[in-house]
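K.L.:
Below you will find the structure I want to go over with you.
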Amino acid sequence: MRAVTEQPLVGVLAVQGDVREHLVALEAAGARTCTVRRPSEVAEIDALVLPGGESTTIDKLIRAFGLQGPLRERIAGGMPVYGSCAGMILLADRIADGRPDQETLGGVDITVRRNAFGRQVDSFEEDLHIRELGGQPVRAVFIRAPWVEDAGEAVQVLARVEHGPAAGRIVAARQGNLLVTSFHPEVTGDHRFHAYFVDLVRRRR
Ligand code: GLN
């Protein structure tokens, strides 16, 4: 197994989506960063972020660039991966309301429902209390977000929607070294979620 230095190298999959925001948040959290577009780059990183964007497009590009096999292999090998929004869809074992030809990398024993919050509330923000992040609530920004419809026993629930018609829905979870959120912590300037992930990467040694 590769040695992870104090400043692990965290890649951000850069085929589509909000890549730059994650690079900034990861660096603020003490990681070295790089973009990932090629299989050779998948081999070099200690951990990976799958950004938000359009999961059907990202899936297609992952396959077109020959990344699906290498990424699945690293995930199976225990590489820490954090998927936000579309990234969460890509890490899910099962999709509800996916396109018929849509595939995921998988790894997290969850079913995610795409665009789950419906058109009326396409995008919204809410304060979430996440025990693992301590202290202050996290401002969660949801943009045409999925939610976790069901989760297997190995999945640790980190956050649920607290108010409104979707109250109780799971929107952040972890299974081993895999972390998923329905929302976008990278757009708020609060880097605690990325720090939590980078810490997980360091502990993985
Ligand atoms: N609705 C998008 C999808 O299904 C995800 C939206 C996002 O990443 N902000 O891929």
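The values are calculated or read from the model by the stated rules, or taken from the named source; none is laboratory data. Remember, predicted model here, so these are calculated numbers, not experimental data. Glycine gets a Cβ as well: all are built from the backbone with ideal geometry, and neighbour counts include every protein chain shown.
K.L.:
Just a yes or no: is a residue in segment 29-48 within 16 Å of the ligand (Cβ to nearest atom), farther than 14 Å from residue 194 by Cβ and not polar (S, T, N, Q)?
P.N.:
No, that holds for no residue.
K.L.:
Please work out which one of (1) free of Cβ contacts under 8 Å to residues at least 40 places away in the same chain; (2) charged (D, E, K, R); (3) within 13 Å of the ligand (Cβ to nearest atom) is the condition residue 186 fails and give its number.
P.N.:
The number of the failed condition is (1).
K.L.:
Looking only at residues that are of a type in the set (Val, Ile, Thr) and modelled with pLDDT of 95 or more in segment 112-137, which one is farthest from the ligand (Cβ to nearest atom)? I'd like the intermediate steps shown before the answer.
P.N.:
Keep residues of segment 112-137 that are of a type in the set (Val, Ile, Thr), which gives 112, 121, 130.
Adding the requirement that they be modelled with pLDDT of 95 or more leaves 112, 130.
Working: 112: 9, 130: 19 Å.
The qualifying residue farthest from the ligand (Cβ to nearest atom) is 130.
K.L.:
Only one of 161, 180, 171, 155 is among the β-branched types (Val, Ile, Thr) and touching a helix residue (DSSP H, G or I) at 6+ places or on another chain (Cβ under 8 Å); which?
P.N.:
180
K.L.:
Condition (residue is under 23 Å from residue 25 (Cβ atoms), away from the ligand (no atom under 15 Å from the Cβ) and surrounded by 21 or more Cβ atoms within 10 Å (Cβ to Cβ)) applied to segment 82-101: is it met by at least one residue?
P.N.:
No, segment 82-101 contains no residue that is under 23 Å from residue 25 (Cβ atoms), away from the ligand (no atom under 15 Å from the Cβ) and surrounded by 21 or more Cβ atoms within 10 Å (Cβ to Cβ).
K.L.:
Further question on the same structure: Considering each of 20, 37, 2 in turn, give the residue that is surrounded by fewer than 19 Cβ atoms within 10 Å (Cβ to Cβ), in contact with a Phe, Trp or Tyr (Cβ under 7 Å, 6 or more places away or on another chain) and either modelled with pLDDT under 95 or not polar (S, T, N, Q) (or both).
P.N.:
After ruling out the rest, the residue left standing is 37.
K.L.:
If only one of 111, 104 is surrounded by fewer than 19 Cβ atoms within 10 Å (Cβ to Cβ), at negative phi and touching a residue at least 12 places away in the same chain (Cβ under 8 Å), which one is it?
P.N.:
One residue alone meets the criteria, 111.
K.L.:
Now a separate question. Determine the pairs where a residue that is closer than 26 Å to residue 76 by Cβ and basic (Lys, Arg), located within segment 21-45, has a partner that is modelled with pLDDT under 95 and surrounded by fewer than 19 Cβ atoms within 10 Å (Cβ to Cβ) with Cβ atoms under 9 Å apart, the partner being 6 or more residues away or on another chain.
P.N.:
Between residues of segment 21-45 that are closer than 26 Å to residue 76 by Cβ and basic (Lys, Arg) and residues that are modelled with pLDDT under 95 and surrounded by fewer than 19 Cβ atoms within 10 Å (Cβ to Cβ), the close pairs are 32/5; 32/7.
K.L.:
Right, here's the next one. Considering only residues that are aliphatic (A, V, I, L, M) and assigned to a helix (DSSP H, G or I), look in segment 8-28 and name the one that is nearest to the ligand (Cβ to nearest atom).
P.N.:
Result: 19.
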